[in-house]
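Below: one structure, written as structure tokens.
The values are calculated or read from the model by the stated rules, or taken from the named source; none is laboratory data. In this text the structure is predicted, and so the values were computed from the model without any measurement. Here the Cβ positions follow ideal geometry from the backbone for every residue, glycine too, while neighbour counts run over all protein chains shown.
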Amino acid sequence: MNWQRDIELLTPLFNRGAYQDTAELRPTSIRGMARWWFRALGGSADEEKQAFGGMNRFGEQLQGCTIASHLVFRVSHVQIERAEPKPLTLPHKSGGQASPQAAFAPGGRFRLSVVGRLQPLAPDLRTKVANALDTWLLLGALGLRANRSGGNLWPMGEGVPSSPAGLGERLRTLGCRWPVMLAGREVGVTLSDLRAAATDTVNGAAGVFGYAKGRDRLASALKFKIVRLEGQLRLLMTAPEQGVLDEARRALAGHRCKPETWKPLDG
């Protein structure tokens with residue numbers, strides 16, 4: 001395994017370690033997102049354990065075995081500035097939760113390398129890991145509020161999709177069958193406008209927007225992401241099923257994300 005990408009930060013990144021007042025770019029957080037997208041693309045528990053490692057109770061066929069990770073995540077060439085002069089506010093939060101949080105400012109860049117260790121992975125498993133990583137960069141994010149425009153990343157270099165149709169084709173090549181829609185330019189093309197649109201949602205419809213009540217939490221099935229296509233920032237929406245997007249469009253009528261303008265990538 002020898003996967004490497006240069007990555008740009010499109011939106012503020014709220015990611016931290018042990019120190020709550022210090023932003024930190026953590027390879028362990030990136031590993032967690034890679035595992036999530038590996039499962040989202042259909043990877044089995046046993047395949048995940050073979051690649052990323054796991055304790056003895058994890059997996060199906062491999063229960064009873066403790067397996068070390070065959071992958072090493074490295075971050076290098078970091079050119080990221082912390083948000084100054086003050087920390088930023090988490091998107092889509094109110095009250096005490098809306099207090100300023102340590103963050104990295106948009107526009108930063110870094111290189112992520114994922115290399116193999118111990119015994120080589122089987123070729124098909126290496127491909128599944130690489131596909132999960134590339135899908136994460138195109139549809140996913142990192143850190144807090146990742147489903148509402150926080151920590152939105154975008155790959156750099158040759159082969160990066162530059163058009164909606166190109167993005168759709170690339171996702172199909174990676175084995176991603178999630179429905180993806182793009183909001184019209186009427187929503188805005190500036191970072192501030194798009195972040196405002198991504199966070200203007202509603203309460204209720206927990207199966208779409210998730211919920212948080214004390215320790216009882218459910219992640220949002222609907223994901224908003226800011227991407228760069230045709231030289232402009234655009235707002236993208238995705239979910240595991242088209243029904244989630246359809247319900248979101250009904251619930252968000254009249255909101256800043258203008259669901260009447262949402263179109264499939266190839267539409």
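Data overview
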{"read-out": "Residue within the range 144-160 that is of a type in the set (Ser, Thr, Tyr) and part of a loop (DSSP other than H, G, I, E, B) present", "value": "yes"}
{"read-out": "Top-ranked residue of the range 52-82 - restricted to ones that are modelled with pLDDT of 95 or more and of a type in the set (S, T, N, Q), ranked as surrounded by the fewest Cβ atoms within 10 Å (Cβ to Cβ)", "value": "76"}
{"read-out": "Selection within the range 114-132 - surrounded by fewer than 19 Cβ atoms within 10 Å (Cβ to Cβ) and within 17 Å of the chain's Cα centre (by Cα)", "value": "130"}
{"read-out": "Residue ranges of strands (runs of 3 or more DSSP E) in the range 167-248 with at least 2 members under 27 Å from residue 106 (Cβ atoms) and of a type in the set (D, E, K, R)", "value": "223-229"}
{"read-out": "Selection count where residues are in contact with a Phe, Trp or Tyr (Cβ under 8 Å, 6 or more places away or on another chain) and modelled with pLDDT under 95, scope the range 31-46", "value": "1"}
